[in-house]
Amino acid sequence: MPEGVLPPPPPPIALLAELTHRCPLSCPYCSNPTELVARAAELDTAEWVRLFREAAEMGVLQLHLSGGEPASRRDLETLVAEARSAGLYVNLVTSGIGLTEARLDRLEAAGLDHVQLSLQGVRADISDRIGGLTGGFERKIAVARSVVARGLPLTLNAVMHRQNLDDLEATIALAVELGARRIEVACVQFHGWAMLNRGALMPTREQTDRAKRIVADARDRLRGRLVIDFVPPDWHADLPKACMGGWGSTGLNIAPDGTVLPCHGAASIPGLVFPNVRQVSLAWAWAESAAFNAFRGTAWMPEPCRSCDRRAVDHGGCRCQAMAVLGDARAPDPVCRRTPGRAALDRLLADALASDSGLTMRAPPR
Amino acid sequence: MAGGAVPDRVPRLPRGVRLHDDRVRACRVLLGPERALMLDEVGAAILDEVDGMQSLSVISARLAARYLAPEAEIRADVEVFLTDLAERRLVEWSDA
Ligand code: SF4
Ligand code: SF4
């Protein structure tokens, strides 16, 4: 391979389709961008179906139908059926709100493979306060029970932060009681909405250490019953995580208006022009677009990453985090203690921990 | 019971877990919730026998015949492979 030319990327494994940004909830850490896409700009049924076929052809195996709340789309059942017939494993990422029994019947008949239900809290009081919808918790639990009763695999996606991390044991117990096969203990990652709310959401060091012990113990105790995936709060770590296995290496996201992104936060990076499937093919966006190639390989890296023994492990960490904290997407992830950027992150961390501001809820799309 | 003193069991793929032919990567893949395990030839051969009816003993005997290998050895390998998947909830066991 000549200097400066990247080998072709391996095919992506997963596609996250943000079908819509509309959502009945308004979680203050929502992974949607702070600039939400309006309904009128959403891709239509035929456009999504074409994309599912293109994705399967490229080697995508797993499709995550997400949002916003994907059930806000009236054509969700059709999209599930079309994705299955394209050969994809179809996962529904939902808040559960809007999933009536009749809709679950139709989704099941359409061939839905797996349901991933978000959990804002382990009791109605906290769940409804964080989700911003009274009665949301009750509805969610009913959906969980219905999914399990149907024999479909259920994952609880428990989003954790300072206000609910002390409920971790009860959250895992709830997953067991509901008969979930898997729980994702996903500590909030601080970009977008969550970054605005870091003063209310940043977990403490003690909470983080305790959460790690609880997860290790539960994994042992529940082996073969409940699969536990854990995303720890990375601001308390010493080294960055390998975000998405490296920029443009395992998966891609499509926003409701057809913009193709390497991850949720990527749109926050100025200077990158993200391709749109209304103009180009998905395969071109993945392999050829400048945005997807911007941080592949190691040539883009600054020091100390470029000569670091971990560069193939964490790829210099998260670009969006470098952008959010340092205002420079090309800098090493500021979580890394081997880099000067850590001082800035430590200042933000100390401020966030000292603050107890109220929550800024996610606003609805226009 | 074919397995002597060891109780026999029947493995199956639970709902939401399935084998997929990956034409792009030219391999078989086990797909489940948030998991895509690329299988080598041995893994694929074992999972092809997992139909929710054949017991561990029957599967082991069939694979032993196919690969001309001692049945006890094959059984041990198959059991380790399937037990690992069961711990990740990608396989379920029931009594024979
Ligand atoms: S995080 Fe909350 S507000 Fe955002 S899409 Fe999910 S359920 Fe809706
Ligand atoms: S210096 Fe760069 S490559 Fe090395 S551990 Fe830190 S972020 Fe990762």
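The values are calculated or read from the model by the stated rules, or taken from the named source; none is laboratory data. If you're wondering where the values come from, they're calculated on a predicted model, not measured in any experiment. Heads up, the Cβs are rebuilt from the backbone with ideal geometry, glycines too, and the neighbour counts pull from every protein chain shown. Surface areas here come from the heavy atoms of the whole protein model, side chains and all, with no ligands, DNA or RNA. Shrake-Rupley method; radii C 1.70, N 1.55, O 1.52, S 1.80 Å.
One table, with the values for the structure above:
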{"item": "Matching residues in the stretch B:63-91 - criterion: being among the aliphatic types (A, V, I, L, M) and either within 14 Å of chain A (Cβ to nearest Cβ) or surrounded by fewer than 16 Cβ atoms within 10 Å (Cβ to Cβ) (or both)", "result": "B:A65, B:L68, B:A69, B:A72, B:A76, B:V80, B:L82, B:L85, B:A86, B:L90, B:V91"}
{"item": "Test: residue in the stretch A:227-245 that is under 22 Å from the mean Cα position of the chain (by Cα), within 16 Å of ligand 1 (Cβ to nearest atom) and at pLDDT 95 or above", "result": "no"}
{"item": "Residue in the stretch B:48-56 that is free of Cβ contacts under 8 Å to residues at least 24 places away in the same chain and farther than 14 Å from B:L85 by Cβ present", "result": "no"}
{"item": "The stretch A:70-91, residues that are within 14 Å of chain B (Cβ to nearest Cβ) and among the basic types (K, R)", "result": "A:R84"}
{"item": "Residue that is nearest to the other protein chains (Cβ to nearest Cβ) [pool: residues in the stretch A:132-169 that are among the small types (G, A, S) and open to solvent by less than 50 Å² (accessible area, probe 1.4 Å)]", "result": "A:G151"}
{"item": "B:G3 vs. criteria away from chain A (no Cβ under 14 Å) and modelled with pLDDT under 95", "result": "yes"}
{"item": "Qualifying residue in the stretch B:9-19 (condition: more than 25 Å from A:G87 (Cβ to Cβ), among the aliphatic types (A, V, I, L, M), open to solvent by less than 80 Å² (accessible area, probe 1.4 Å) and touching a helix residue (DSSP H, G or I) at 6+ places or on another chain (Cβ under 8 Å))", "result": "yes"}
{"item": "Residue within the stretch A:2-22 that is within 16 Å of ligand 1 (Cβ to nearest atom), modelled with pLDDT under 95 and over 16 Å from the mean Cα position of the chain (by Cα) present", "result": "yes"}
{"item": "Candidates B:P33, B:P11, B:P7 - the one that is closer than 21 Å to A:P153 by Cα and in contact (Cβ under 8 Å) with a residue 60 or more places away in the chain", "result": "B:P11"}
{"item": "Residue match in the stretch A:83-94 (condition: within 19 Å of A:E184 (Cβ to Cβ), away from ligand 2 (no atom under 16 Å from the Cβ), open to solvent by 20 Å² or more (accessible area, probe 1.4 Å) and not small (G, A, S))", "result": "yes"}
{"item": "Helices (runs of 4 or more DSSP H) completely within the stretch A:177-236 that count 2 or more residues being of a type in the set (G, A, S) and within 14 Å of chain B (Cβ to nearest Cβ)", "result": "none"}
{"item": "Filter result (in a loop (DSSP other than H, G, I, E, B) and within 14 Å of chain B (Cβ to nearest Cβ)) within the stretch A:46-69", "result": "A:G59, A:V60, A:L61"}
{"item": "Flag if B:E41 is of a type outside the set (S, T, N, Q), without any contact (Cβ under 8 Å) to a residue 12 or more places away in the chain and away from every other protein chain (no Cβ under 14 Å)", "result": "yes"}
{"item": "Residue match in the stretch A:21-44 (condition: surrounded by fewer than 16 Cβ atoms within 10 Å (Cβ to Cβ) and polar (S, T, N, Q))", "result": "yes"}
{"item": "Output for the stretch A:333-344, where each listed residue is within 22 Å of the chain's Cα centre (by Cα) and in contact (Cβ under 8 Å) with a residue 60 or more places away in the chain", "result": "A:D333, A:V335, A:C336"}
{"item": "Lone unmet requirement of (1) in contact (Cβ under 8 Å) with a residue 60 or more places away in the chain; (2) not in a strand (DSSP E or B) for A:A83", "result": "(1)"}
{"item": "Residue in the stretch A:277-295 that is more than 14 Å from every other protein chain (Cβ to nearest Cβ), within 16 Å of ligand 2 (Cβ to nearest atom) and within 30 Å of A:A41 (Cβ to Cβ) present", "result": "yes"}
{"item": "Qualifying positions in the stretch A:347-366 - buried (at least 16 other Cβ atoms within 10 Å of the Cβ) and either within 16 Å of ligand 2 (Cβ to nearest atom) or among the small types (G, A, S) (or both)", "result": "A:A352"}
{"item": "Among (1) within 16 Å of ligand 1 (Cβ to nearest atom); (2) free of Cβ contacts under 8 Å to residues at least 40 places away in the same chain, the one test that A:T360 misses", "result": "(2)"}
{"item": "Residue count, the stretch A:61-74 (criterion: more than 16 Å from ligand 1 (Cβ to nearest atom) and either closer than 9 Å to A:N91 by Cα or within 17 Å of the chain's Cα centre (by Cα) (or both))", "result": "2"}
